[in-house]
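Structure first, then comments.
The values are calculated or read from the model by the stated rules, or taken from the named source; none is laboratory data. None of these values were measured; they are calculated from a predicted model. Cβ: placed from backbone, ideal geometry, glycine included. Neighbour counts: every protein chain shown. Ligands, DNA and RNA are excluded from the accessible area calculation, which covers all protein heavy atoms including side chains. Shrake-Rupley method; radii C 1.70, N 1.55, O 1.52, S 1.80 Å.
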Amino acid sequence: MKVAVIGGGGREHTLAWKLAQSPSVDALYAIPGSAAMADVAKCVDISLSDLEGIADYAVSEGIDMLVVGPEVPLTEGLADVAQAKGLAVFGPNKAAAQMEGSKVFAKNIMKKYQIPTAAYASFTDGDAAKAYIREQGAPIVVKADGLAAGKGVVVAQTEEEAIDAVNAMMEDHIFGASGGRIVIEECMVGEEASLLAFVDGKTIVPMISAQDHKRIFDNDEGPNTGGMGAYAPAPVFTPAIQKVVEDTILRPVVDGLKAEGITYQGCLYAGLMITEDGPKVVEFNCRFGDPETQAVLPLLDGDLAQIMYACTKGTLSPDMVHWKDASACCVIMASAGYPASSHKGDVISGLDGIDSDDTMVFHSGTAKQDGAYVTHGGRVLGVTAVAPDLKSAIEKAYDKVDQIHFDGQQVRRDIGAKGLKHLP
Ligand code: AMP
Ligand code: GLY
């Protein structure tokens, strides 16, 4: 099978790394890919906004399946465009991708199908939104309806902060059209975890759980980022919780969408808050998480290409998906200025000799200059280690991180620490 990974970040590097190990993959492409992905895939420079161009190229090369990493091409309808040309696409079509692309859409589905989530109201009028905030009081959460690169959520501790967020989204348009409609919701309390699942339209096979670390500094302080590290599995996510999530969240979403005439196929990502009343949905994403993927996929025991292809054909079965009895920890190394900005061109040293059977360096934002890797984005590297238990995975990941260096590097030192607290 010929497979093309769409995207060029750390998640896509991980997808390509795992797909390259699939016995069923004869040729691997990446559009646009990255300098590091070129080690495992043929990189082809087509813009992610050129949906027709991507699909036409895939047809001309005889590619059998596209695996779409990022949310933007999915919400813009890459799957629809490519499927119309006869390609198999792992990833939801435009209608199903609304589960991530519109928070109002996702909340309405959750309400209709009684899926546990924070109580909410949606607004297109700023004054009505502010009146609702005053009525509900703080803490309260304000979210832009559309995509905002993970930055469209304000967890406001005071009413003033919430009202400032409404003004910024609806009057100052800091997220453009994404903030024309907003959701205001109850602030949930608990520990967060992510559960990703393979979905073929009807069969749902959950992956192992993971936990992201969204804030830039240790102890979850400082501004939100795309994610500073992840580990899997997450001990907070017990088998009993997993069962509740499957029965009350994943199954009703996929069946509910079906009842609406929408088939969900691809990776469904449930961002969850484990509250005192049980797991509740924080958000859905229509694709793999970044950096959850860098911790989850190294633990997959199975042929990823076959699993994905089965999703596209409606033939997924649980016995295709197995997990190593081990833990993985991924520590992100970010560049100076992140998350407000990023710093390009800092030379990265110490990468040689790190990749092995149980330690891998996934590139989120690097480029090659004169044969050497340099920083080329906010998140730069994801250093993953796999070990028999979480504690050893964490130690091994940091041991490798400490061998790598670039100027201005930012690294959280507590990735996985929350997980250890749940263990004996
Ligand atoms: P989202 O982009 O929806 O995942 O939100 C980003 C982050 O904001 C989440 O990972 C949570 O930490 C936080 N958050 C979002 N919604 C809520 C909520 N209703 N209650 C508490 N925290 C939330
Ligand atoms: N790690 C969060 C996300 O991928 O949205």
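Data for the structure
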read-out: Check on residue 310, at pLDDT 95 or above, under 30 Å from residue 265 (Cα atoms) and among the small types (Gly, Ala, Ser); value: yes
read-out: Positions within segment 354-373 being among the β-branched types (Val, Ile, Thr) and surrounded by 19 or more Cβ atoms within 10 Å (Cβ to Cβ), in sequence order; value: 359, 361, 366
read-out: When residues of segment 173-228 are limited to those that are within 15 Å of ligand 1 (Cβ to nearest atom), on the phi > 0 side of the Ramachandran plot and small (Gly, Ala, Ser), the one least open to solvent (accessible area, probe 1.4 Å); value: 227
read-out: Residue count for segment 122-152, restricted to those that are out of contact with any Lys or Arg (no Cβ under 9 Å at 6 or more places or on another chain), open to solvent by less than 60 Å² (accessible area, probe 1.4 Å) and touching a residue at least 60 places away in the same chain (Cβ under 8 Å); value: 1
read-out: Which listed residue, of 344, 324, is open to solvent by 20 Å² or more (accessible area, probe 1.4 Å), more than 16 Å from ligand 2 (Cβ to nearest atom), basic (Lys, Arg) and in contact with a Leu (Cβ under 7 Å, 6 or more places away or on another chain); value: 324
read-out: Residue tally, condition without any contact (Cβ under 8 Å) to a residue 24 or more places away in the chain and of a type outside the set (Ser, Thr, Tyr), over segment 54-78; value: 0
read-out: Selection from segment 80-100 of residues that are open to solvent by less than 20 Å² (accessible area, probe 1.4 Å) and in contact (Cβ under 8 Å) with a residue 40 or more places away in the chain; value: 88, 89, 90, 91, 92, 96, 97, 99, 100
read-out: Any hit, segment 279-300, residues being of a type in the set (S, T, N, Q), open to solvent by 10 Å² or more (accessible area, probe 1.4 Å) and either at pLDDT 95 or above or away from ligand 2 (no atom under 14 Å from the Cβ) (or both); value: no
